[in-house]
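Written below as structure tokens is the structure these notes are about.
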Amino acid sequence: MSEVSVEQFEQMLEESIKTIRNGEVVEGTVIDVKPDEIVLNIGYKSDGIITRSEYTNEPNVDLTAMVSVDDTIEAKVIKVNDGEGQVLLSHKRLLAEKGSKKLEEAFENHTVLTAKVVQVLGGGLSVSVDETRVFIPASLVSDTYEKDLNKYKDQEIEFVITEFNPRRRRIIGDRKQLLVAKKAEMQKALFERISVGDVIEGTVKNVTDFGAFIDLGGADGLLHISEMSWGRVESPKKVFKVGETVKVFIKDIKETKIALSKKFPEENPWNDAASKFAVGTVLKGTVARMTDFGAFVELAPGVDALLHVSQIAREHIEKPSDVLTIGQEIEAQIVDFNEEEKKISLSMKALLNSTDEPEYEPELEETPESDE
């Protein structure tokens with residue numbers, strides 16, 4: 001076997017080492033990692049270098065926490081010779097190209113994507129798909145008005161691409177249509193399984209002065225203030241809190257509108273009222289409200305009785321508020337009961353006998369002073 005000269009060996013070695021060009025995609029093994037730089041063995045006469053800014057868009061990250069020696073990384077050649085005999089590479093740009101291709105295919109195929117929100121902007125959200133940014137306008141983030149979008153920061157969300165124009169750097173995402181479609185499916189499933197009279201659990205979504213909207217898992221039902229209790233409810237906001245779970249029954253369904261109630265029939269205070277509130281029964285109640293002709297006394301939640309002004313005392317009283325106050329507990333006798341009309345009449349005077357009457361003490365008239 002003939003000997004190989006030094007010149008021939010160098011030529012053979014040169015030929016065994018691959019050649020690379022700008023824009024080419026190469027794969028290499030990590031041989032060193034610094035906080036701001038990665039060194040790759042790419043099978044070339046020079047090592048490949050990936051700077052922090054060419055690895056990720058995240059500023060000030062420590063690359064040693066992201067990459068380890070012997071890891072395999074794919075990158076794009078930016079410059080074959082960076083002036084120091086090394087090959088300048090970019091991992092970020094390669095990912096961006098792949099991401100752009102992925103987004104184009106997702107746009108054409110209406111594919112649902114999942115990505116992390118990397119920035120909250122004044123007009124929407126910015127998400128990153130393989131180092132390619134997608135903008136989701138505030139109006140397309142949710143199917144309801146979102147006052148503060150900061151809650152989405154660093155969260156992974158689903159969306160579809162509705163506009164793809166990389167030349168103008170305009171790639172638009174839409175999350176709203178996915179939520180609308182999902183709710184439509186849930187609503188359809190809900191209406192297929194519910195009917196009037198069903199008892200169901202829901203979550204309080206919003207509370208107003210006239211009632212509460214309950215999320216039933218597909219549609220909202222209205223629990224009107226008049227249906228919250230057999231008793232009196234002054235303010236729904238004092239009874240319900242957003243996020244709490246409540247048990248209700250379906251009172252009515254009209255198209256997509258659901259009326260709810262918590263006035264369960266078995267809890268109706270008028271059940272067995274004939275025996276509980278029979279004429280002659282003496283019981284205690286609380287003054288709930290007053291008019292000029294009498295006071296309405298709550299005997300039980302949902303059961304009010306009229307105490308006429310003439311039945312408060314033996315002596316003449318101009319109006320109930322002269323001797324009674326709201327919230328005052330009184331004792332009275334039931335003198336009339338009308339179950340059909342749900343009317344009960346009370347009398348405090350009926351409990352008074354002759355010995356209860358105070359002795360009459362005439363008022364002394366003042367004698368006018370003499371002019372003398």
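Every number here is computed from the coordinates shown, using simple stated rules; none is lab data. Here the structure is a predicted model, which is why all the values come from computation and not from measurement. Here the Cβ is made from the backbone with ideal geometry for all residues, glycine too, and neighbour counts use every protein chain on show.
When only alpha carbons of the range 97-145 are considered, Rg and Dmax amount to 11.4, 34 Å.
Rounded to the nearest 20, the size of the Cβ-charge dipole of the range 108-255 about its Cα centre is 400 debye, with Lys and Arg at +1 and Asp and Glu at -1. Computed extension gain for Asp143 through His110, at 0.36 nm per residue and net of the alpha carbon distance, reaches 10.0 nm.
For the listed peptides 213-221, 324-332, a ranking on the average number of other beta carbons within 10 Å per residue, highest first, reads 213-221, 324-332.
The length gained on full extension between Lys319 and Thr281, counted as 0.36 nm times the residue separation minus their Cα-Cα distance, comes to 11.2 nm. Label sites at Thr291 and Arg93, each approximated as a point 7 angstrom past Cα along Cα to Cβ, lie 8.6 nm apart.
Residue ranges 274-282, 199-207, 37-45 sort as 37-45, 199-207, 274-282 when ordered by packing (mean number of other C-beta atoms within 10 Å per residue, highest first). Here is the list for the range 117-159: GluC sites (Glu not before Pro) lying in DSSP coil, each with at most 15 other C-beta atoms within 10 angstrom of its C-beta, are Glu146. For the listed residue pairs Lys176/Lys263; Lys188/Lys251; Lys182/Lys238, the alpha carbons are over 29 angstrom apart in Lys176/Lys263; Lys182/Lys238.
Where Rh is the Kirkwood radius over the Cα pairs of the range 216-365, the temperature 20 °C and the viscosity 1.002 mPa s, what D in µm²/s does Stokes-Einstein return? It comes out at roughly 118 µm²/s. Straightening the chain between Glu74 and Asp272 buys 63.1 nm, computed as 0.36 nm per residue apart minus the Cα-Cα spacing. Only helices enter the 222 nm calculation for the chain: every DSSP H run of n ≥ 4 contributes -39,500 (n - 2.57), and dividing by all residues gives -4500 deg cm²/dmol, rounded to 500. On a per residue basis, the convex hull of the C-alpha atoms belonging to the chain measures out at 346 Å³. With a simple spin-label model that places each label point 7 Å from the Cα along the Cα-to-Cβ direction, the separation between Glu201 and Arg21 comes to 6.7 nm. Net charge near Leu140, counting Lys/Arg +1 and Asp/Glu -1 over other residues with Cβ under 10 Å of its Cβ? Charge balance near Leu140 sits at 0.
Give, as a single signed number, the net charge of other residues whose beta carbon lies under 15 Å from the beta carbon of Ile31, with Lys and Arg counted +1 and Asp and Glu -1. Surrounding charge for Ile31 is -4. Check the straight Cα-Cα distances from Lys34 and name the lysines below 19 Å, setting aside those fewer than 8 residues away within the same chain. Filter leaves Lys92.
Between the listed residues Leu121, Trp270, Val233, the Cα displaced farthest toward the positive end of the dipole of the chain, a dipole computed from Cβ unit charges relative to the Cα centre, is found at Leu121.
Taking a straight Cα-Cα cut-off under 18 Å and skipping sequence neighbours fewer than 8 places away in the same chain, the lysines within cross-link reach of Lys284 are Lys276, Lys343, Lys349.
Between the helical axis of 6-16 and the longest alpha-carbon principal axis of the chain there is an angle of about 30 degrees. Working from label points 7 Å from Cα in the Cα-to-Cβ sense, the Ser46 to Leu121 distance is 3.7 nm.
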